[in-house]
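Report on the structure given below.
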Amino acid sequence: MNKETEIKLRISRETLAALREHPLLKKRNKSGWQQRELLNQYFDTPERDLSAAKVALRLRRDGDVVIQTLKTRGNSVAGLSERNEFQWELPKAKLDLKKLDDTCWPESLAELDKKTIKPLFTNDFVREFADIAWGRGKSKVVIEAALDLGTVSAGKQKEEICELELELREGEPEALLELAAELAASLPLFPCDISKAERGYRLLDPSSYHVNLPAPELDPEMPLDDAFSAIAWHLLASSQRLAEQYQHTGHWRLLQDWVQCLGELRALASSLGQAAPRATTRELRGRLDALLEDWRTLVLAGNDDEDIRRAAPEQFADELLDTRWGQFSLDTSRWLIARGWTAERNKRGERQGAAALANWLSVELGDEAKALQLPLYQQQPEDLAEQLPRIERLLSWLHYGRSVLLEAPELDRLYGELSKLQQLANQPISDEVLDARVQQAFAVAQSRGWKHLVRK
């Protein structure tokens, strides 16, 4: 068994050509570019049992060599993935079920009749590859860079494969992100948390690519630092999957959810007080502000304008042809791995970062709720929009952290009422909207959850 650690980056044909001649890769290329044609047949049951268990089974023809590969459930975060991989060289291009024994076969599929496994789809591509030496101080790092161009085919459905795959051969996984970030500074490429197998399944069933990742499991006693890290990784990974799927389908709801992910990450990054000194989050907040200025504005306008919604997929495609999204994704991944918000903070900041989540959150939500001054905006509803950053911070922590506030009542209801207030604060002012703001501010203030927070 091997542990496969890699990052996949979606690219255009133009970027693929530029990567062949990129000075960074040329300078560190140990082997020169080599080429091979890879023909791949993927297998599953008619009910897609392997896919449901996060298992990929394929036969690959590489020249005269036939290789059977089984990839099992691993970790995939924000485009950087680790999976267990089993390989067997076979004498002919026929699946050998006997290889799938207890040493590699997942326990969750123990009752599966393997004879029901059949060919499902193919992906065939030409791979240009080279070993790249990437030094990290005294540590030796070798990364295989692979340029893949080809097609996924499922029946009459087809989708182009055009991606850069960086696989760790030797060294620390962080090196993959470092190399990718260097390349993304000048070329449009971005992490895409979708495997070639998932592309095939998506052709067969567009809904099979899940964009709703499980929310992080938070514990009342876990440190604030750990909670923020878990939520931020979740939001970054979710935003990448949403970007991938919106680019593929153009469904408006996906763009709305993508913007929401970015907004929640922005709100959380500005909520940590001395646990995250402003200097440590300045670059992240600046990049998020730039993205939100463009895309939140578009989404708010597009919610009531069909023409904007129709034009949005092409605009989003243009976004992905720029370097902004890829740079943001990769640099944020590196920042999270390094826990950049903890840099050079004082002793009080260290204590705050180590504080139990439930204790910190109870104080934080109470302070934010009091500072919102809802009675004022019942009298001055026209000014409610000035409180949007505070409302967004409250909503973000209520979204992910309300399960740890065991004593607080009806927080689910409070989250819903506060979300309605946020929506009204974003709407253009009219007599009807102003009246609705007054009523909704009153509804929030009278809720049991809100009264509990402001008593803290």
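The values are calculated or read from the model by the stated rules, or taken from the named source; none is laboratory data. A quick note: this is a predicted structure, and the numbers were derived from the prediction, not measured. Methodologically, a virtual Cβ is constructed for each residue, glycine included, from the backbone with ideal geometry; neighbour enumeration extends over all protein chains shown.
Tabulated results
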quantity	calculated
Single match in 278, 253 (criterion: farther than 28 Å from residue 347 by Cα, more than 16 Å from the chain's Cα centre (by Cα) and among the basic types (Lys, Arg))	253
Evaluation of residue 231 against (1) out of contact with any Lys or Arg (no Cβ under 6 Å at 6 or more places or on another chain); (2) farther than 19 Å from residue 419 by Cβ; (3) in contact (Cβ under 8 Å) with a residue 24 or more places away in the chain (one fails), failing number	(2)
Residues within region 221-254 that are in contact with a Gly (Cβ under 8 Å, 6 or more places away or on another chain) and either more than 30 Å from residue 406 (Cβ to Cβ) or among the polar types (S, T, N, Q) (or both), tallied	2
Flag if residue 344 is outside any helix (DSSP H, G or I), in contact with a helix residue (DSSP H, G or I) (Cβ under 9 Å, 6 or more places away or on another chain) and without any contact (Cβ under 8 Å) to a residue 60 or more places away in the chain	no
Near pairs, Cβ below 9 angstrom, 6+ apart or cross-chain, from region 94-111 (touching a residue at least 12 places away in the same chain (Cβ under 8 Å)) to any residue that is surrounded by fewer than 10 Cβ atoms within 10 Å (Cβ to Cβ) and in a helix (DSSP H, G or I)	97/115
Count of residues meeting criterion [over 16 Å from residue 28 (Cα atoms), of a type outside the set (Asp, Glu) and in a strand (DSSP E or B)] in region 103-138	9
Pairs where the first residue, in region 257-281, is assigned by TED's automatic domain parsing to the domain that holds residue 237 and surrounded by 22 or more Cβ atoms within 10 Å (Cβ to Cβ) and the second is outside any helix (DSSP H, G or I) and among the polar types (S, T, N, Q), C-beta under 9 Å, 6+ apart	276/270
Failed criterion for residue 270 (all others in (1) over 23 Å from residue 319 (Cβ atoms); (2) touching a Lys or Arg at 6+ places or on another chain (Cβ under 6 Å) hold)	(2)
Condition check for residue 221: surrounded by fewer than 17 Cβ atoms within 10 Å (Cβ to Cβ) and either outside any helix (DSSP H, G or I) or of a type outside the set (Ser, Thr, Tyr) (or both)	yes
Filter result (touching a strand residue (DSSP E or B) at 6+ places or on another chain (Cβ under 6 Å) and in a loop (DSSP other than H, G, I, E, B)) within region 7-40	11, 30, 31, 33
Tabulated pairs, region 208-222, first touching a residue at least 12 places away in the same chain (Cβ under 8 Å), second part of a loop (DSSP other than H, G, I, E, B), C-beta under 7 angstrom, 6+ apart or interchain	209/194; 220/406
Cross-chain or 6+ apart pairs with Cβ under 9 Å, region 166-177 first and outside the structural domain of residue 138 (by TED's automatic domain parsing), then surrounded by 15 or more Cβ atoms within 10 Å (Cβ to Cβ)	none
Every residue from region 383-421 that is surrounded by 15 or more Cβ atoms within 10 Å (Cβ to Cβ) and outside any helix (DSSP H, G or I)	405, 408, 410
Residues satisfying the stated conditions in region 368-385, i.e. of a type outside the set (A, V, I, L, M) and free of Cβ contacts under 8 Å to residues at least 24 places away in the same chain	373, 379, 380, 383
Count of region 150-174 residues which are surrounded by 21 or more Cβ atoms within 10 Å (Cβ to Cβ) and either part of a helix (DSSP H, G or I) or among the charged types (D, E, K, R) (or both)	1
Test: residue 225 is acidic (Asp, Glu), under 30 Å from residue 360 (Cα atoms) and either in contact with a Pro (Cβ under 9 Å, 6 or more places away or on another chain) or touching a residue at least 40 places away in the same chain (Cβ under 8 Å) (or both)	yes
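Listed here are the residues, each with its yes/no results for (1) of a type outside the set (A, V, I, L, M); (2) without any contact (Cβ under 8 Å) to a residue 60 or more places away in the chain; (3) surrounded by 12 or more Cβ atoms within 10 Å (Cβ to Cβ).
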{"position": "311", "(1), (2), (3)": "no, yes, yes"}
{"position": "323", "(1), (2), (3)": "yes, no, yes"}
{"position": "331", "(1), (2), (3)": "yes, no, yes"}
{"position": "334", "(1), (2), (3)": "yes, no, yes"}
{"position": "337", "(1), (2), (3)": "no, no, yes"}
{"position": "340", "(1), (2), (3)": "yes, no, yes"}
